[in-house]
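Undergrad: Provided herewith is a single structure, encoded as structure tokens, for subsequent inquiry.
Every number here is computed from the coordinates shown, using simple stated rules; none is lab data. All of these numbers come straight from a predicted model, not from anything done at the bench. Please note: Cβ atoms are built from the backbone with ideal geometry, for glycine as well, and neighbour counts cover all protein chains shown.
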């Protein structure tokens, strides 16, 4: 049995506890040109609405024949308690008492991002989304508060949980591809991180929640890659795998353990 170094746990938690938090968290200028020409921006169809429910995952680290559980994650979608015209996407992960909580408010009809409030270890981020800009603050380690000001670009996705949810309302199929630009908080500020998502093939996968007919997909960001298995019936994430660029024998794995309503 191997031991995970103490300093790796918080870093690993922030990197993979939201499976679709994009795999490269390097600061990026607004993506243009070739970065966005390879596929259409990921945009919800007009009038799209998210199905309410709750999905639970376990997040693990595998190294050779050894596996340890890093965390448990729950993604919940439902109407906002304060406004029926707003949908609330709550993404919570508990890594041995260290909680990552990300609440995303979107329009119930059309799924446009409205505001985001997230706590990720020592980081707290509050964002508001307008037609042409994203503004807010990020409380960084040491007590400093940094302003956030970002442009709105095609395919902008406000959070990992929202990116995951948008895949349930687009017409996935073999050969489908889309681009997403995620708002990615980090220790040096908040940046835009572009990625391409491609469906590779039909597949089948077994996880604690059952056996699913899935689409196997790949997410690429720069030189990093993440693999997804998406339920063919609903588009929901069933399993994900990611290898850190700096390691050849470590794999982060997320698996669906249960859902309400049951899939």
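Undergrad: Given the C-alpha atoms of region 8-260, compute the convex hull and give its volume per residue in Å³.
TA: Per-residue hull volume (Cα only) is 129 Å³.
Undergrad: Now for a separate question. Fewest to most neighbouring Cβ within 10 Å: what's the order for 58, 73?
TA: 58, 73
Undergrad: Let me ask something additional. When only Cα pairs under 8 Å and 6 or more residues apart are kept, what is the percent relative contact order across region 136-244?
TA: In percent, rounded to a whole number, it is 18.
Undergrad: How high is the relative contact order of region 43-133? Use alpha-carbon pairs under 8 Å, at least six apart in sequence, and give a whole percent.
TA: Dividing the mean separation by the residue count of region 43-133 yields 21 percent.
Undergrad: May I ask you to derive the relative contact order of region 8-260, considering only C-alpha pairs under 8 Å and at least 6 residues apart, and to give it as an integer percent?
TA: After rounding, I find 21 percent.
Undergrad: With a 10 Å Cβ neighbour count serving as the proxy for reagent exposure, in which order, fewest first, do 133, 149 appear?
TA: Least to most surrounded, the residues fall as 149, 133.
Undergrad: While we're looking at this one, here's another question. Which of 199, 218 comes first, and how do the rest follow, when ranked by fewest Cβ neighbours within 10 Å?
TA: 218, 199
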